[in-house]
Amino acid sequence: MIRSVVRGYGAALPKRVVPNRELEGMVATSDEWIVQRTGIRQRYIAGEGETTASLGEQAARAALDRAGLTPDDIDLVLVATSTPDNTFPATAVNIQQRLGMTHGFAFDIQAVCSGFVYAMATADLYIRGGMARRVLVIGAETFSRILDWNDRTTCVLFGDGAGALVLEAAEGEGTVADRGILTAHLRSDGSHKDKLYVDGGPSTTGTVGHLRMEGREVFKHAVGMITDVIEAAFEATGTTADDLDWLVPHQANRRIIDGSAKKLGIPTDKVVVTVDLHGNTSAASIPLALSVALDDGRIKQGDLVMLEAMGGGFTWGAILVRW
Ligand SMILES: CC(C)(COP(=O)(O)OP(=O)(O)OC[C@H]1O[C@@H](n2cnc3c(N)ncnc32)[C@H](O)[C@@H]1OP(=O)(O)O)[C@@H](O)C(=O)NCCC(=O)NCCS
């Protein structure tokens with residue numbers, strides 16, 4: 001059977017790093033509060049000329065270089081983002097143009113913090129369905145531009161960045177020993193749409209709006225939703241937490257990550273945590289975390305890696321992939 005195998009990865013961060021201490025001068029907060037409640041120590045914030053598309057392009061070029069491929073080899077560009085450069089066209093076609101691609105097709109996926117998991121699952125279907133042989137999957141965000149910088153309950157939590165993977169069709173045996181995406185599980189429940197949202201949009205206010213969140217409500221649902229969908233991935237593949245080499249979660253909050261790992265019986269030394277470095281970069285957080293763990297040699301070819309995310313909507317999902 002056809003499997004979607006990871007060929008390359010890349011990441012990009014804005015030039016400016018903003019440590020917690022810098023936020024103390026902007027809102028009534030403290031480094032201690034932010035570290036204790038979230039695990040975040042710093043985030044990167046996009047400056048002039050840095051946009052979702054420019055960061056996404058950088059990450060995409062790095063992923064193509066590592067794969068030994070060029071834009072000519074790509075059939076589909078998928079961009080997971082909630083902070084597009086423009087309402088339309090899609091950031092994916094913006095990046096397609098930046099890469100000099102006039103062939104293939106490109107579109108955006110909007111599932112907020114679950115966007116990268118949704119995009120990987122979508123890429124996998126296009127590959128296994130035969131419509132694309134190689135897909136550039138990008139998660140790119142500039143959440144700093146939709147934050148209310150007077151609201152301490154949200155502005156300390158998010159950051160900007162981008163990450164990318166190249167997925168390629170390869171022949172597999174149909175067993176969990178295959179390389180590539182082994183299973184994908186997506187969920188959403190719009191009855192929670194008012195717990196984490198942006199209070200603007202083209203069809204309502206005609207403005208971009210600002211992120212609003214009932215943090216405690218999100219926290220309350222997060223661990224249950226994440227563990228539920230990871231268990232579905234284990235069940236579908238006949239694997240267990242003991243078989244996992246790495247859990248690479250969406251990086252929103254250290255306490256959510258630790259709580260989910262504990263409930264699943266996954267030891268902390270198998271969990272990749274980068275929320276301290278990047279804050280919550282929404283759809284970019286998983287590929288950014290992957291790039292850190294691939295750069296430092298933790299994740300190796302053949303490793304069994306669980307990706308999971310939960311975010312606005314609510315949306316949530318998990319993907320099991322053999323690297
Ligand atoms: C946002 C979050 C860190 C807040 O932590 P919490 O322990 O739930 O804190 P609470 O919201 O109960 O607030 C506790 C107090 O801290 C205050 N507080 C909120 N933000 C603060 C900040 N940045 N600095 C200092 N104090 C802050 C609150 O006003 C509240 O004060 P009060 O008791 O006087 O009213 C936590 O709810 C969370 O992580 N939620 C999930 C958010 C998330 O991950 N979202 C993204 C999903 S993709």
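The values are calculated or read from the model by the stated rules, or taken from the named source; none is laboratory data. What you see is a predicted model, and the numbers here were worked out from it, not measured in a lab. Please note: Cβ atoms are built from the backbone with ideal geometry, for glycine as well, and neighbour counts cover all protein chains shown. Just so you know, the surface numbers come from the protein's heavy atoms only, side chains and all, with ligands and any DNA or RNA stripped out. Shrake-Rupley method; radii C 1.70, N 1.55, O 1.52, S 1.80 Å.
Quick notes on this structure:
- When Lys263, Lys220 are checked against the criterion of being open to solvent by 50 Å² or more (accessible area, probe 1.4 Å) and at pLDDT below 95, Lys220 stands alone in meeting it.
- Of all the listed residues (Met306, Met310, Met225), the sole one being farther than 25 Å from Leu136 by Cα, buried (at least 18 other Cβ atoms within 10 Å of the Cβ) and touching a strand residue (DSSP E or B) at 6+ places or on another chain (Cβ under 9 Å) is Met225.
- Across region 102-112, the qualifying residues are those that are among the small types (Gly, Ala, Ser) and in a loop (DSSP other than H, G, I, E, B), and the one among them that is farthest from Gly312 (Cα to Cα) is Gly104.
- Listed by position, the helices (runs of 4 or more DSSP H) contained in region 1-101 that have at least 1 residues being within 16 Å of the ligand (Cβ to nearest atom), open to solvent by 30 Å² or more (accessible area, probe 1.4 Å) and modelled with pLDDT of 95 or more are 20-24, 31-38.
Residue-wise test of (1) in the same structural domain as Ala46 (by TED's automatic domain parsing); (2) free of Cβ contacts under 8 Å to residues at least 40 places away in the same chain; (3) within 27 Å of Arg43 (Cβ to Cβ).
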site: Ala92; (1), (2), (3): yes, no, yes
site: Gln97; (1), (2), (3): yes, yes, no
site: Asp124; (1), (2), (3): yes, no, no
site: Arg128; (1), (2), (3): yes, no, no
site: Leu157; (1), (2), (3): yes, no, yes
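- Flag if Asp245 is under 22 Å from Thr142 (Cβ atoms) and in contact (Cβ under 8 Å) with a residue 12 or more places away in the chain: no
- Qualifying residue in region 117-124 (condition: within 13 Å of the ligand (Cβ to nearest atom) and open to solvent by less than 10 Å² (accessible area, probe 1.4 Å)): yes
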